Amino acid sequence: MTLSTEQRTIIEGAIRDIPDFPKPGIIFKDITTILNNPEAYKTLQDHLRDRYASYNLDYVAGIDARGFIFGATLARDLGVGFVPIRKKGKLPYTTVSEKYALEYGVDEVEIHIDAFGETKNARVLLIDDLIATGGTANAAASLIDKVGANCVESCFIMGLTFLDGIKKLEEKTPVYSVIEVN
């Protein structure tokens, strides 16, 4: 299920363009303005609920930090659990971690070792606000697998298709971008 023309107009109309951020020549797509627009936020979350209602999910896993906002709301709407995937050192219990490359260096994300409880092969939707080069998303999908769950799809509010992140992630899991930027 993809967006209707009306839904797309509402959501895209709420996204703010910020020229020359974080550096000259880049037009940053600010999705935080979806959150302070009740019509756009409800339209987006209703679309996600409708899309994933038939997926028979056990959990939604959100990537630190905006993935928490969209993921927790979606998990509530679907009546399933929510699992945070956090930056290193932010989770209080025993964790499993995955490193990923940045433009200049390495970063790391973690998940609780028991994030999916006793559910064998839990069906998990991974969600975040944006996929660009895919480093964080690939690491997060790997973590879901490492703790014995099944990442059935990765969802992003915005996918930057001119970068290779979506292609890389599709080697692990299906990918859905609500809005694509070419």
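Brief remarks follow.
- Scalar couplings 3J(HN,Hα) for segment 87-102, obtained by applying the Karplus form with A = 6.51, B = -1.76, C = 1.60 to θ = phi - 60°, are 5, 3, x, 9, 9, x, 10, 4, 10, 10, 10, 9, 8, 8, 7, 10 Hz; x denotes Gly and Pro.
- Among the listed pairs Lys88/Lys172; Lys23/Lys168; Lys42/Lys167; Lys90/Lys146; Lys42/Lys99, those beyond 27 Å (Cα-Cα): Lys42/Lys167; Lys42/Lys99
- Think of segment 82-182 as a dipole: +1 on every Lys or Arg Cβ, -1 on every Asp or Glu Cβ, centred on the Cα centre; then among Ile131, His112, Val178, His112 lies furthest on the positive end.
- Each part gets one Cα centre, and for segment 119-140 versus segment 7-57 those centres are 18 Å apart.
- Label-to-label distance, nm, for residues given as Thr9 and Asn121 (7 Å Cα→Cβ offset): 4.5
- Residues Thr95, Thr33, sorted so that the one with the fewest Cβ neighbours within 10 Å comes first: Thr33, Thr95
- Within segment 55-181, percent of DSSP bridges classed antiparallel, to nearest 5: 30
- The orientation-averaged shadow of the Cα convex hull for segment 55-181, equal to a quarter of the hull surface, comes to 7.3 nm².
- Our helix-only sum for the chain, with -39,500 (n - 2.57) per DSSP H run of n ≥ 4 divided by its residues, gives a mean residue ellipticity at 222 nm of -9500 deg cm²/dmol.
- Loop-located GluC sites (Glu not before Pro) in segment 30-104 whose Cβ has at most 10 other Cβ within 10 Å (DSSP): Glu103
- Dimensions of segment 91-151 based on its C-alpha atoms, expressed as ranges along the principal axes with the largest first, amount to 38, 22, 16 Å.
- J(HN,Hα) series, segment 130-144, from Karplus relation 6.51 cos²θ - 1.76 cosθ + 1.60, nearest Hz, glycine and proline x: 8, 10, 10, 7, x, x, 5, 5, 5, 5, 5, 4, 5, 4, 4
- Selected from Ser97, Ser54, Ser154 as most flexible by GNM, with the chain as the system and alpha-carbon contacts under 10 Å: Ser54
Read-outs throughout are calculated quantities, based only on the coordinates presented, and are distinct from any laboratory measurement. None of the values given here were measured: they were computed from a predicted structure. FYI the Cβ positions are ideal-geometry reconstructions off the backbone, even for glycines, and counts take in every protein chain you see.
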